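Note sheet for the following structure.
What follows draws every value from the coordinates through simple rules; no lab data is involved. Keep in mind it's a predicted model, so treat the numbers as computed, not measured. Neighbour counts run over all protein chains shown; Cβ positions are idealised from the backbone, glycine included.
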Amino acid sequence: MALQLGDPAPDFEAETTDGRIRFHDWIGDDWAVLFSHPRDFTPVCTTELGAVARLKSEFDRRGVKVAGISVDPIEEHRAWAGDIEETQGHALNFPLIADPDRTIADLYGMIHPNADETSTVRSVFVVGPDKRIKLSLTYPQSTGRNFDEILRAIDSLQLTARYAVATPADWSQGDDVIILPSIPDAEARERFPGGWRALKPYLRLTSQPKA
């Protein structure tokens with residue numbers, strides 16, 4: 001059965017370009033992003049890994065660890081790293097996980113036989129400090145991911161985990177948020193002393209709570 005939101009993220013041990021890790025121990029008390037790429041030495045993957053390396057400080061600022069994974073062996077990962085730095089201008093600064101026997105890919109459902117029977121699709125899993133899956137995305141091999149959007153989604157996940165709010169369409173950091181419909185007005189007045197704009201009884205907009 002495919003992993004669903006709220007499911008425990010399967011634990012595993014694996015070799016990476018930063019040494020051997022046990023996934024849950026590596027996450028610790030942080031958030032994590034696990035993202036797969038189909039193959040080493042492929043063009044879209046090269047640009048994606050360069051993009052994540054460029055954005056590493058943004059993930060760090062949010063307390064998020066990132067790790068890439070494919071079904072290639074560790075030797076190919078290390079050889080490919082030079083190409084990534086040369087063509088993208090950013091050296092790898094996060095672990096790439098080797099999964100040549102497809103154990104992890106099978107655990108996370110990263111192989112989609114109707115797309116490719118041997119390579120992983122572009123899966124993304126955001127895992128919370130409780131080691132449960134908070135978000136999952138699946139892209140075909142031909143479509144590169146937008147990691148700025150993944151950061152935006154993480155901002156929403158972290159905010160809504162702390163406060164009784166949801167984020168509207170196209171929300172970004174600092175925009176107004178929605179008070180959850182399950183919060184009655186009397187309780188909302190205590191939680192959100194700055195008030196809100198009620199477009200409808202179920203649609204109450206308020207300023208983003210401050211951390």
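Laid out as a table, the results:
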item	result
5 angstrom amide H check on H112, placed H, neighbours 5+ away	V121
Rounded to 5, percent antiparallel among DSSP beta bridges of the chain	75
Among E86, E48, E187, residue whose mean-square fluctuation peaks in a GNM of the chain (springs only between Cα atoms under 10 Å)	E187
Residue with peak Gaussian network fluctuation, the chain [Cα springs, cutoff 10 Å], from I154, I74, I97	I74
Inter-part distance where region 26-43 and region 77-130 are each reduced to a Cα centre, Å	6
Angle in degrees between helix 147-162 and the longest Cα principal axis of the chain, rounded to the nearest 10	50
Gyration tensor over alpha-carbon atoms, the chain, equivalent ellipsoid semi-axes in Å	36, 18, 16
Amide H within-cut-off set for Q141, under 5 Å, with H built and near neighbours excluded	R122
Nearest-ten-degree value, helix 43-54 long axis tilted from longest Cα axis of the chain	50
Listed residues D29, D18, D185, most fluctuating in the chain (Gaussian network, C-alpha, under 10 Å)	D185
Derived scalar couplings ³J(HN,Hα) [region 123-138; Karplus, 6.51 cos²θ - 1.76 cosθ + 1.60; whole Hz; x for Gly, Pro]	8, 10, 10, 9, 10, x, x, 7, 6, 10, 6, 9, 7, 9, 9, 9
For a label point 7 Å along the Cα-to-beta-carbon line of S142, residues of region 94-135 with backbone N under 14 Å	115-116
Helix 74-88 vs. the chain, principal-axis angle (Cα, 0 to 90°, nearest 10)	70
Reach of K131 by Cα under 14 Å, taken over aspartates and glutamates that are not fewer than 8 positions away in the same chain	D7, D11, D25, D29, D30
Under the Karplus curve 6.51 cos²θ - 1.76 cosθ + 1.60, θ = phi - 60°, whole-Hz ³J(HN,Hα) for region 93-110, x wherever Gly or Pro sits	9, 8, x, 9, 8, 8, 9, x, 8, 6, 4, 6, 4, 6, 4, 9, x, 8
